[in-house]
């Protein structure tokens, strides 16, 4: 049996992470997995508490918050498994997750990365993710397949290529990363897994979805609260994603659309909501792209 490295990142969510570790312990064979937890600049060092739940845990503490990509990359660098399973710490898994995901990769070497069906933890009859449509690169928009549908088992036997994996749960081969590379840490938050999928595609690999297994995700079904950090990185990284993954002509057309239509529309929405405080972060997100190269590691935001 091949070894699977489960990698997760904690940032000031000890109780959530403990529930995650309990789920992993209850639903995996201990000799078939290694669990790597990155404590990503958390205020408290909870190594002892986590170790009580999962004594074999590989615990890595970063004094600095490296973001989603940076935290996971730390784990990837030390992972020894043939398969790498990146899981959000706010997920709880099922017993057949690793067997089904690894079987997809074993049976089809064209697959580079695979995600399972995601269901909402608080309302497990509701689907969060059953794949993504391809990206419209002129608008940087796509859609979630099955999102908010009632789970009637319609995806239980579905295994197919999809636009993108979901960052909450995705598996790849460690060997493929020698060609594909790690996630780009300059994104910090949002769009990094989409960019990673693009890197797999450029390496000739397919992005895959399977409904033969599922994960419960504790993310709220409602849209997350708007904040300056979310507004900034969503604005900044949407444009950065296009710059990194399309040619100059597409980037130019997208930029006219984004600056002239999409961003003003977002600003009007903030005005209607009474969130004038967020408007400047839209401008800052755009401004970063106009003043930095697409490979710049400067975040332009103090974390």
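The values are calculated or read from the model by the stated rules, or taken from the named source; none is laboratory data. Computed from a predicted structure; not experimentally measured. Don't worry about glycine lacking a Cβ; one is built from the backbone with ideal geometry, like all the others, and counts go over all protein chains shown.
What the table shows:
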item	result
Number of positions in the stretch 6-28 that are surrounded by fewer than 22 Cβ atoms within 10 Å (Cβ to Cβ) and outside any loop (DSSP other than H, G, I, E, B)	10
Within the stretch 57-77, considering residues that are assigned to a loop (DSSP other than H, G, I, E, B) and in contact with a strand residue (DSSP E or B) (Cβ under 7 Å, 6 or more places away or on another chain), the one surrounded by the most Cβ atoms within 10 Å (Cβ to Cβ)	66
Qualifying residue in the stretch 34-41 (condition: surrounded by 14 or more Cβ atoms within 10 Å (Cβ to Cβ), touching a residue at least 40 places away in the same chain (Cβ under 8 Å), more than 25 Å from residue 128 (Cα to Cα) and over 19 Å from the mean Cα position of the chain (by Cα))	yes
Matching option when the condition is under 29 Å from residue 23 (Cβ atoms), not in a strand (DSSP E or B) and not assigned by TED's automatic domain parsing to the domain that holds residue 19, among 254, 233	233
Condition check for residue 164: within 23 Å of residue 216 (Cβ to Cβ), touching a strand residue (DSSP E or B) at 6+ places or on another chain (Cβ under 8 Å) and in contact (Cβ under 8 Å) with a residue 40 or more places away in the chain	yes
Filter result for residue 208 (farther than 19 Å from residue 282 by Cα, surrounded by fewer than 22 Cβ atoms within 10 Å (Cβ to Cβ) and either at pLDDT 95 or above or in the same structural domain as residue 283 (by TED's automatic domain parsing) (or both))	no
Residues located in the stretch 98-143, provided they are in a strand (DSSP E or B) and more than 19 Å from the chain's Cα centre (by Cα)	126, 136
Test: residue in the stretch 197-204 that is under 18 Å from the mean Cα position of the chain (by Cα), assigned by TED's automatic domain parsing to the domain that holds residue 91, in a strand (DSSP E or B) and touching a residue at least 12 places away in the same chain (Cβ under 8 Å)	no
Search result, residues across the stretch 266-291 that are in a loop (DSSP other than H, G, I, E, B) and in contact with a helix residue (DSSP H, G or I) (Cβ under 9 Å, 6 or more places away or on another chain)	275
